[in-house]
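Take a look at the structure below.
The values are calculated or read from the model by the stated rules, or taken from the named source; none is laboratory data. Remember, it's a predicted structure, so these values are computed and weren't measured experimentally. Backbone-built Cβ (ideal geometry, glycine too); neighbour counts: all protein chains shown.
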Amino acid sequence: MIRVLHFISDANIGGAGRLLIHCLKNFDPTVFDVSVVVPRGSALVPLIEETGKNVIECEFGRDKSHEKGALTAYKKIIREVKPHIVHTHSAFDAKLAAYLCGVKSRIYTRHSVFDPPKKLTTFPGKQITGLVNNTLATRIIAVADAAAENLTATGVRPDKITVILNGVEALRRTTLEEQLTLRASLGFSETDFVAGISARFEPYKGHSYLIESAKRVCAENPRVKFLLMGQGSTYEETVAAVKDAGLTDSVRFTGFVSDVVPYYNILNLSLNCSWGTEATSLALAEAMSLSLPTVATRFGGNPGIIKDGVNGLLTPIKDADAMADAILKLASDKALYDSLSEGAARLFKENFTAAAMTRKIEQVYLEEAKRCGFRA
């Protein structure tokens with residue numbers, strides 16, 4: 001058996017945590033003995049326990065990549081578990097602990113995409129950052145081509161990087177009765193064309209541009225409605241913008257919801273307006289599992305999951321008119337909509353299932369096992 005020890009610093013359930021849970025459900029238990037280190041009291045604990053994997057709670061690392069005392073605690077855990085592979089997620093202290101403990105295979109996943117600051121892409125910052133990452137990691141998994149480009153721009157050796165796109169479990173389909181009831185509760189009719197976005201309300205998620213798009217879309221096609229799921233720092237600002245634009249009858253907010261499945265089931269179209277950070281969006285993959293086409297910005301990892309004209313339409317960032325054009329087109333062109341819907345279902349099954357993602361990660365583990373001389 002190959003012993004794999006994951007470290008994740010998330011106290012709540014974010015994208016990295018959700019991906020890890022998907023993997024834990026799909027790892028081959030006859031080959032991999034997997035344990036996970038999390039901060040004490042993390043919301044991930046019961047979810048990890050449900051997968052049957054061993055969970056180790058630690059007093060350190062709660063939403064922190066580096067914290068005084070964490071390095072010592074992590075080294076103690078590693079020496080007790082004796083893993084063949086340490087796989088980290090946003091936990092610098094765990095990377096360093098694995099290196100200092102002499103773990104031969106040290107993997108970390110780069111979950112985010114953002115434009116690195118100039119000081120990290122030029123001398124001497126690039127050389128220092130590259131040296132640290134190249135030393136502490138024997139392999140790096142990037143969740144999008146754009147994430148890999150971020151890494152190489154900051155000095156990481158390309159041969160260390162493997163791109164593995166995020167995968168998710170297919171969302172369950174609700175009944176027609178459930179869908180009509182939920183639509184009615186939100187003020188949507190059976191014939192409304194509902195476009196929805198599930199994202200934190202932060203400036204870089206582009207809600208302000210979406211509202212600008214909605215003004216034109218609703219004026220030209222009143223059948224189109226918008227559903228905005230999530231919470232965040234710009235939530236109240238966005239609600240106010242909708243009111244000021246006179247869109248309260250056409251735009252609905254859910255706030256934070258623990259289960260997005262019922263809401264996805266009443267959508268006709270998935271949206272992504274990001275302009276500042278986006279890897280391989282889990283929300284887009286989940287929408288694809290329900291055969292939903294997407295209109296998304298051509299930013300970060302979006303082009304890796306949305307193929308223009310195949311399973312959705314791509315637009316420039318911060319371009320409200322281009323997004324409005326795309327939404328209006330899909331709301332009125334049934335043949336195009338049906339083609340993109342079929343493409344979404346097909347590409348999801350081919351590339352974005354949790355099982356497909358996990359098999360690729362397992363292959364990285366097996367390659368590392370061979371390189372380091374240990375066997376399953």
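Test L19 against the criterion of being farther than 23 Å from K370 by Cα and either within 17 Å of the chain's Cα centre (by Cα) or surrounded by fewer than 18 Cβ atoms within 10 Å (Cβ to Cβ) (or both), and give yes or no.
Criteria met by L19.
Which one is surrounded by the most Cβ atoms within 10 Å (Cβ to Cβ) among residues in the range 199-233 that are more than 21 Å from Y263 (Cα to Cα) and basic (K, R)?
Across the range 199-233, the extreme among qualifying residues is K215.
What tally of residues in the range 153-193 results from selecting those that are out of contact with any strand residue (DSSP E or B) (no Cβ under 8 Å at 6 or more places or on another chain), in a loop (DSSP other than H, G, I, E, B) and at negative phi?
Selection size over the range 153-193: 12.
Please go through (1) surrounded by fewer than 23 Cβ atoms within 10 Å (Cβ to Cβ); (2) in contact with a strand residue (DSSP E or B) (Cβ under 6 Å, 6 or more places away or on another chain); (3) modelled with pLDDT of 95 or more for F7 and return the number of the only condition it doesn't satisfy.
(1)
What pairs come up if the first residue lies in the range 322-340 and is at pLDDT 95 or above, the second is part of a helix (DSSP H, G or I) and among the β-branched types (V, I, T), and their beta carbons are under 7 Å apart, counting only those six or more places apart or on different chains?
A324/V217; I327/V217; L328/V217
Somewhere in the range 342-362, is a residue more than 21 Å from the chain's Cα centre (by Cα) and within 24 Å of R223 (Cα to Cα)?
Yes, there is a match, as at least one residue in the range 342-362 is more than 21 Å from the chain's Cα centre (by Cα) and within 24 Å of R223 (Cα to Cα).
Quick check on my filter: what residues within the range 363-373 are surrounded by 15 or more Cβ atoms within 10 Å (Cβ to Cβ) and either within 23 Å of the chain's Cα centre (by Cα) or at pLDDT below 95 (or both)?
V364, Y365 - these are the residues of the range 363-373 that are surrounded by 15 or more Cβ atoms within 10 Å (Cβ to Cβ) and either within 23 Å of the chain's Cα centre (by Cα) or at pLDDT below 95 (or both).
So which residues in the range 249-268 are in a loop (DSSP other than H, G, I, E, B) and surrounded by 13 or more Cβ atoms within 10 Å (Cβ to Cβ)?
S250, V257, V260, N265, I266, L267, N268
Restricting to the range 290-312, count the residues that are more than 21 Å from S213 (Cβ to Cβ) and over 15 Å from the mean Cα position of the chain (by Cα).
Looking only at that region, the number is 4.
Being in a helix (DSSP H, G or I) and either among the basic types (K, R) or touching an Asp or Glu at 6+ places or on another chain (Cβ under 9 Å) (or both) is the filter; apply it to the range 122-152 and report the residue that is surrounded by the most Cβ atoms within 10 Å (Cβ to Cβ).
The qualifying residue surrounded by the most Cβ atoms within 10 Å (Cβ to Cβ) is A146.
Report yes if S291 is surrounded by fewer than 19 Cβ atoms within 10 Å (Cβ to Cβ) and outside any loop (DSSP other than H, G, I, E, B), otherwise no.
Criteria not met by S291.
Tell me, which helices (runs of 4 or more DSSP H) wholly within the range 314-376 include 2 or more residues that are in contact with a Leu (Cβ under 7 Å, 6 or more places away or on another chain)?
The helices (runs of 4 or more DSSP H) meeting that bar are 320-332, 334-351.
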